[in-house]
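Accompanying notes for the structure given below.
The values are calculated or read from the model by the stated rules, or taken from the named source; none is laboratory data. In this text, all values refer to a predicted model and were calculated from it rather than measured experimentally. Here the Cβ positions follow ideal geometry from the backbone for every residue, glycine too, while neighbour counts run over all protein chains shown.
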Amino acid sequence: MKKKSIQKQRSRRRLPPIKPGEKIDYKNLDLLRRFLSEQGKIISKRVSRLTSKQQRTITTAIKRARILALLPFLNNEN
């Protein structure tokens, strides 16, 4: 019984959140939207599985895109 659960855990290999060739930039809106919640909040590093450096660059890119009105500050479409 325990062997099956161990095998299931090992087979769950997740893909990295950012592909090696992808550039983190405020103009790359498809990438930035993956790290925003439905409410428009930035998803935490623990949830998004990013490194500290990647999280910092994603955060600054999202903030720049918000200031330039490429992304909304809030998403209240209820």
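Here are a few things to note about the model shown:
- Exclusive hit being surrounded by 10 or more Cβ atoms within 10 Å (Cβ to Cβ) and either in contact with a strand residue (DSSP E or B) (Cβ under 7 Å, 6 or more places away or on another chain) or modelled with pLDDT under 90 (or both), set I67, I18: I18
- Restricting K27, K3 to residues that are in a helix (DSSP H, G or I) and either more than 23 Å from L74 (Cβ to Cβ) or at pLDDT 90 or above (or both) narrows the list to K3.
- Members of the stretch 63-72 that are farther than 18 Å from R34 by Cβ and part of a loop (DSSP other than H, G, I, E, B): L68, A69
- Filter result (surrounded by fewer than 16 Cβ atoms within 10 Å (Cβ to Cβ) and outside any helix (DSSP H, G or I)) within the stretch 43-55: S44, R49, T51
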